[in-house]
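J.: For reference, the structure I am asking about is given below.
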Amino acid sequence: HMNISKTSGEWKATVGVAEHLGSDTFLHVQADGVGPLTVRADGELAVHHGDTIYLTPDQTKLHRFGADGKVMMQ
């Protein structure tokens, strides 16, 4: 539920590991101000270690948790 772009988006991220698995590519990234994330992309995505990408989450699919670990109502 994440849009991945090489040119623009809400969160700038640096690719640490790109696992190219054929039907999916898993990206382990460090996103500025967000922290480490693992993002799944459909198919083969041409990114590699050290590349800068931009991520924009689908707001309707986010689950937010408070400091107490409980789900925050939207």
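The values are calculated or read from the model by the stated rules, or taken from the named source; none is laboratory data. Predicted, not measured: the structure shown is a model, and the values here were computed from it. Backbone-built Cβ (ideal geometry, glycine too); neighbour counts: all protein chains shown.
J.: Would you mention how many residues in the range 8-24 are closer than 12 Å to Asp51 by Cβ and not charged (D, E, K, R)? Talk me through it step by step, then tell me what you get.
T.: As a first pass, look at the range 8-24 and keep what is closer than 12 Å to Asp51 by Cβ: 12-18.
Within this subset, residues satisfying the condition of being not charged (D, E, K, R) are 13-18.
So the answer is 6.
J.: Filter the range 16-61 for residues that are aliphatic (A, V, I, L, M) and assigned to a loop (DSSP other than H, G, I, E, B); which is modelled with the lowest pLDDT?
T.: First, the residues of the range 16-61 that are aliphatic (A, V, I, L, M): 17-18, 21, 27, 29, 31, 34, 37, 39, 41, 45-47, 53, 55.
If we keep only those that are assigned to a loop (DSSP other than H, G, I, E, B) as well, we get 21, 34, 45-47.
Values: Leu21: 92, Val34: 86, Leu45: 89, Ala46: 90, Val47: 93.
Once the filter is applied, the top-ranked residue is Val34.
J.: Go through the range 23-74 and give me each residue that's among the hydrophobic types (A, V, I, L, M, F, W, C), under 13 Å from the mean Cα position of the chain (by Cα) and surrounded by fewer than 14 Cβ atoms within 10 Å (Cβ to Cβ).
T.: Within the range 23-74, just Leu62 meets the criteria.
J.: Please indicate, with yes or no, whether at least one residue in the range 43-66 is of a type in the set (Gly, Ala, Ser) and in contact with a strand residue (DSSP E or B) (Cβ under 6 Å, 6 or more places away or on another chain). Full working, then the answer.
T.: Going residue by residue through the range 43-66, those that are of a type in the set (Gly, Ala, Ser) are 43, 46, 50, 66.
Next, only the ones that are in contact with a strand residue (DSSP E or B) (Cβ under 6 Å, 6 or more places away or on another chain) stay: none.
Taking every residue of the range 43-66 in turn, none turns out to be of a type in the set (Gly, Ala, Ser) and in contact with a strand residue (DSSP E or B) (Cβ under 6 Å, 6 or more places away or on another chain).
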